[in-house]
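The values are calculated or read from the model by the stated rules, or taken from the named source; none is laboratory data. Nothing here was measured: the structure is a model prediction, and the numbers come from that model. Heads up, the Cβs are rebuilt from the backbone with ideal geometry, glycines too, and the neighbour counts pull from every protein chain shown. The area values use the complete protein model at the heavy-atom level, side chains included, leaving out ligands, DNA and RNA. Shrake-Rupley method; radii C 1.70, N 1.55, O 1.52, S 1.80 Å.
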Amino acid sequence: MAATRDAFGHAVLELAKDDPRIYVVDCDISKSMKTVDFARKFPKQHINVGIAEQNGAGVCAGLATVGNIPFLSTYAVFASMRACEQVRTSICYPHLNVKLACSHGGLTPANDGATHQAIEDVAIMRALPGMTVVMGADYNAAKALTKAAAYYDGPVYLRYTRDSVPDFYGHDEVFEIGKGKLLRSGGKVTVVSFGEMLHEALAAAEILRGEGVEIDLIDMSTVKPLDIDLLKESLSRTGRCVTVEDHSMIGGLGSAVGEWMAENGCGRLIRIGLNDCFGQSGPYEVLLKHYGMDRESIANAVRKLLLN
Amino acid sequence: MRQRVANVEKMARIIRQEAIKMIYKAQSGHPGGSLSEADILACLYFDQMNVRPEDPHWDERDRFVLSKGHACPGLYASLALRGFFGMEQLNTLRQFGSILQGHPVMQKVPGLDMTTGSLGQGLSVACGMAIGLRRRGNDARVYTLLGDGECDEGQVWEAAMTASKYGLGNLCAIVDHNGLQNDSTTCVIQPQENIAERFECFGWRVTRIDGHDAWQILNALDEAKRHPGQPTLILARTVKGKGVSYMENVVAWHGTAPNEAQFEIAMQELEG
């Protein structure tokens, strides 16, 4: 168990060892973003702009124009909303090599309540031309994807969890930005998830297996650009899809998959996510259950699709 | 010095003429700020800045961020006159497929160091450039030009704190203090009469000058280089629409193109 934000802190330490172009621009939450060690070990590659995310985004843009690879280190609500227009105009429009490292994606800052739970960020970031949107499902995935993002052309939005999530992938698992992973196949329904919701989807798969139902399970760690080939491979067989995300149903993974399915006349879809509402404080498991995003809700969605 | 002053005065006159020609041809654009900034741009591109038009991405070059991106006709004219691209491009301002977008785009325009147009963002970018350059031992300088109305934006002051915190002596910001903004005078919309004092409070070295006096501009820019540990703010008092009598100090000429008769008058006055 580890929070994927820890993976960010460790990944940038490893990156900076071999590459003086790697910068971390913190916004007064370096303890939370796990970049304290980075600041100590690489002071010449670290900047802390204070509680000023808009400025931080601009400083990253400037660093990128002179050949660096800066990571803006903050929470998802701030990078995607407080600094949204700076990200759009100073980073995406000139397609600068800035990485937005954002913890507290989704409901995982469970006790913090809705102010700190980013449930719109993926929708916002997906809409920005040239932006890549990535979230690893566990520590190893998040770390590998962070490293891959550093050398991926252009702006990348990296979403992490505040809270610990189970380990799933081995430390030598290879991840490629833009490529999902088909973890189970041969099922009658395709379940697509990203980020830590993969673990709920895996638990749902086990529940269903107990009932003799197999599913296709995809870890879509890159939400944009979507791995169309993988979707096609699974959905052409199943024609039924459940998307699972710790995000609003509007504009995130469910929308991305649904847009593709509709345009390609491909089957039926049920979206699991927040149904146009804010979160609240509470234990993460309680929140997932309350908002109909837990393993039972996922299993129910699969059962519903199998009925007709 | 006299030679330098004469040279930039000549270039400023041409920048003004070209900016007005572009805006007239496009029947769209921002003449007021393009005229108020012309002397400053002439001093930067024809005296101060170390650039290579034949190698626009040369790593050692000084950088310039036009934070008040809407005033790009003046900058486009400066870059073309400096030789970054052909003068004939100036006729394409704001047209479909042109490298000269309504607000400047760095990938399209040779010699342009940053995409701008949304006010308040340039000083942060300039800070990032200045930190990045200095930390790898690159002696290039970073210049940025802001509007006084633009200083309404909170991000300007966030960036001012960063520049001061990191002692960015390789950064020089200039405020084109013409006293007018889109809706009215700055005094009516959001008073900006204490910009200098505010930057001083934020830890900057501040110089107050007449932004149409080339001698003063050059002196201020020369002096800024002698303070490696502190960013410099040059508060340049200017006249919006400078050089075209009917545009001077008139709010309406912020973002309006002249008609044919007005264009003729403007060109006559700018020939002087």
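Quick look at the numbers
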item: Other-chain or far-sequence residues with amide H under 5 Å of B:L146's (modelled H); result: B:I174, B:V175, B:D176
item: Alpha carbon centroid spacing (whole Å) that separates the range A:233-277 from the range B:1-49; result: 55 Å
item: Nearest 10 degrees, 0 to 90: helix A:139-150 Cα axis against chain A principal axis; result: 50 degrees
item: Heavy-atom SASA rank of A:K188, A:K31, A:K179 (probe 1.4 Å, accessible area, largest first); result: A:K31, A:K188, A:K179
item: Under the Karplus curve 6.51 cos²θ - 1.76 cosθ + 1.60, θ = phi - 60°, whole-Hz ³J(HN,Hα) for the range A:62-69, x wherever Gly or Pro sits; result: x, 4, 5, 5, 9, x, 9, 10
item: Inter-chain Cβ neighbour average for residues A:76-89, partner chain, 10 Å; result: 1
item: Column: log10 I(q)/I(0), Debye, Cα scatterers of the range A:140-297, q = 0.08, 0.14, 0.18 Å⁻¹; result: -0.22, -0.71, -1.19
item: Principal-axis tilt of helix A:228-238 within chain A, Cα atoms, nearest 10 degrees; result: 10 degrees
item: Charge context of B:L119, other residues only, Cβ under 9 angstrom, K/R +1, D/E -1; result: -2
item: Peptide-level mean, for B:109-116, of C-beta atoms on other protein chains within 10 Å; result: 3
item: For chain A, radius of gyration divided by Kirkwood radius, i.e. Rg to Rh on alpha-carbons; result: 0.97
item: Distance from the range A:189-230 to the range B:109-172 (C-alpha centre basis), Å; result: 45 Å
item: At 0.890 mPa s and 25 °C, Stokes diffusion of the range B:132-178 via Kirkwood alpha-carbon radius, µm² per second; result: 209 µm²/s
item: Eligible aspartates and glutamates near B:K225 by straight Cα distance, threshold 17 Å, same-chain separation 8 or greater; result: B:D47, B:E60, B:D62, B:D139
item: Average beta carbon contacts from partner chains per residue of A:42-55, 10 Å cutoff; result: 5
item: 0 to 90° range, to nearest 10: angle between helix B:2-26 axis and chain B longest Cα axis; result: 50 degrees
item: Long-range amide H partners of A:K224 with built H, under 5 Å; result: A:V133
item: Sites excluded, GluC sites (Glu not before Pro) in DSSP loops with at most 11 other C-beta within 10 Å, longest stretch of chain B; result: B:55-192
item: Phi-based couplings in Hz for the range A:42-59 (Karplus 6.51, -1.76, 1.60; Gly and Pro marked x); result: 10, x, 6, 10, 10, 9, 10, 8, x, 7, 8, 5, 5, 5, x, 5, x, 4
item: Gaussian network model of chain A, springs between alpha carbon atoms under 10 Å - residue of A:I272, A:I47, A:I69 with greatest fluctuation; result: A:I47
item: GNM result for chain B, Cα springs below 10 Å: residue of B:I40, B:I14, B:I189 fluctuating most strongly; result: B:I189
item: Area projected by the alpha carbon convex hull of the protein assembly as shown, averaged over all directions, nm²; result: 27.7 nm²
item: Flagged links, alpha-carbon separation over 21 Å, of A:K44/A:K224; A:K99/B:K108; A:K99/A:K232; A:K41/A:K147; A:K147/A:K181; A:K34/A:K224; result: A:K44/A:K224; A:K99/B:K108; A:K99/A:K232; A:K34/A:K224
item: Translational diffusion coefficient (Stokes-Einstein; Kirkwood radius from C-alpha pairs) of chain B at 37 °C, 0.692 mPa s, in µm²/s; result: 180 µm²/s
item: Inter-centroid distance (Cα atoms) of the range B:195-272 relative to the range A:31-76, Å; result: 33 Å
item: GNM flexibility winner over chain A from A:D28, A:D294, A:D163 (Cα, springs under 10 Å); result: A:D28
item: For the range B:165-180, Karplus couplings with θ = phi - 60° (6.51, -1.76, 1.60), whole Hz, Gly/Pro x; result: 4, 8, x, 7, x, 8, 10, 10, 9, 10, 9, 7, 8, 9, x, 10
